[in-house]
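What follows is one structure encoded as structure tokens, with my remarks underneath.
The values are calculated or read from the model by the stated rules, or taken from the named source; none is laboratory data. Bear in mind the structure is a predicted one, so any value in this text is a computation, not a measurement. So basically every Cβ, Gly included, is an ideal-geometry build from the backbone, and we count neighbours across all protein chains shown. Accessible surface areas use protein heavy atoms only, side chains included; no ligands, DNA or RNA. Shrake-Rupley method; radii C 1.70, N 1.55, O 1.52, S 1.80 Å.
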Amino acid sequence: MRIFLISSLLFLLVSCGNDSETQKQRFLIRGNEALREQNYRDAIRFYEEALLIDECYEPAINNLGTVYFKQKQFTKAILEYDRALNCDPEYYDAILNRANAFYELNELYRALDDLEYVERKKPDSSTVYFRLGLVKTKMRDYEEAIASFNKALNLEPDNPETLINRGTVKYYLKEYTAAEEDLNAALKIDALEANAYNALALIEIERNNLPEALTLVNRALDFEPGQPYYLNNRGFIYLLQNEMEKAREDINRSITIDSENAWAYRNKGVYYFKQGNTDDALTLLKRAAQLDPFVERVYFYMGQVYESLNDSYQACESYKKAIERKEEVVTNLDCSL
């Protein structure tokens, strides 16, 4: 069910200067070419060659951090961005890249600190407000997220990524019509935006329009066939349609591609529950809640499993958590909800 948010606006820098810098610039350019080809070993080698010439060559240090970021080595990336900032504390691209890495590590307040610093220095940057919107979304501060996306759109009205992410937040707020408007506006700008089709599919799930949801998520998968969140969402639709084998195949494939996707574990827990395997269902639902306590309906599904086991106490405790999250609960138990 998770909506995939665009979260990697990295700034790859190319330096320019006088003739005395020609050699290190060549290494930088060759490193950039290797990075674009995902040849990370050579990219690191070329950037380090540039740094042998000038140990405070900020573009090479920054881009070295990006190599580690691309490999999901976020802590290493932060060390390189820190090194660039030790050379130049006002190196804004390195600050923004460091915020990206903090975001991926869920160190959201540190990401926020970096972004707010750049916002004060560059108040007319749509990129900064876009990133602030993503961080606020991950913090579940949805009203502030929308305010940030609004600022980004005021500066760059035709950015489909910003429209998709604002629509995503409106989906979280259950403002489905408004979300749909943003997502369709994004598709008018770029009809190839897979994220928009995926988000529209989630809206149709909430409306219980499963055939249309399936059509939309398949459209997203046409553009990005191996995207684990889209696969998981399709698996969930199949679950709701009781097409169990198709559901199992998509959910398992999603987990294989991304083993940290809490939504996929939730859905696999639902799959096992529907199959009558309550032990594995509870194990996976608990794992989903541990990975991401904000996964929707995870406690409701836990409650259903416990209720099927006649464990009224645990069922009611789970349902109460779902109610606290403003989720609808239907049960025959008297939990004083």
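Data overview
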{"item": "Additional length obtainable on full extension of the chain from residue 38 to residue 309, 0.36 nm per residue less Cα span", "result": "92.5 nm"}
{"item": "Computed E for residue 327/residue 72 - FRET, C-beta separation, R0 35 angstrom, nearest 0.05", "result": "0.65"}
{"item": "For peptides 198-204, 88-94, 158-164, 306-312, sequence by mean Cβ density within 10 Å, most packed first", "result": "198-204, 158-164, 88-94, 306-312"}
{"item": "Protein accessible area in the stretch 172-274, 1.4 Å probe - carbon and sulfur %", "result": "47 percent"}
{"item": "Estimated distance in nm for a label pair at residue 215 and residue 158, the labels positioned 7 Å out from Cα along Cα-to-Cβ", "result": "2.9 nm"}
{"item": "Accessible-area order (highest first, 1.4 angstrom probe) of the listed residues 125, 259", "result": "259, 125"}
{"item": "Prolate/oblate/rounded label for the stretch 182-259 (Cα gyration tensor, a/c 1.5)", "result": "oblate"}
{"item": "Heavy-atom accessible area order for 29, 251, largest first, 1.4 Å probe", "result": "29, 251"}
{"item": "Accessible solvent surface per residue of the chain, calculated while the other protein chains remain in place, 1.4 angstrom probe, Å²", "result": "48 Å²"}
{"item": "Angle in degrees between helix 92-104 and the longest Cα principal axis of the chain, rounded to the nearest 10", "result": "30 degrees"}
{"item": "Length-normalised contact order for the chain - Cα pairs under 8 Å, 6+ apart - percent", "result": "9 percent"}
{"item": "Residue-span extension gain [residue 241 to residue 190] - 0.36 nm each, minus C-alpha spacing", "result": "15.3 nm"}
{"item": "Principal-axis tilt of helix 298-308 within the chain, Cα atoms, nearest 10 degrees", "result": "30 degrees"}
{"item": "Inter-site label distance for residue 256 and residue 120 at 7 Å from Cα along Cβ, in nm", "result": "5.0 nm"}
{"item": "Dmax and Rg, reported as Rg then Dmax, of the stretch 46-110 (C-alpha, Å)", "result": "11.2, 36"}
{"item": "Theoretical gain in end-to-end length, residue 22 to residue 105 [0.36 nm per residue, Cα-Cα removed]", "result": "26.2 nm"}
{"item": "Between 0 and 90°, nearest 10: helix 108-121 axis offset from the chain longest Cα axis", "result": "50 degrees"}
{"item": "Global form of the stretch 240-315, assessed from the alpha-carbon gyration tensor, a/c cut-off 1.5", "result": "oblate"}
{"item": "Spatial separation of Cα centroids for the stretch 191-256 and the stretch 101-178, in angstrom", "result": "25 Å"}
{"item": "Helix-derived mean residue ellipticity, 222 nm - over the chain, DSSP H n ≥ 4, -39500 (n - 2.57), to 500", "result": "-23000 deg cm²/dmol"}
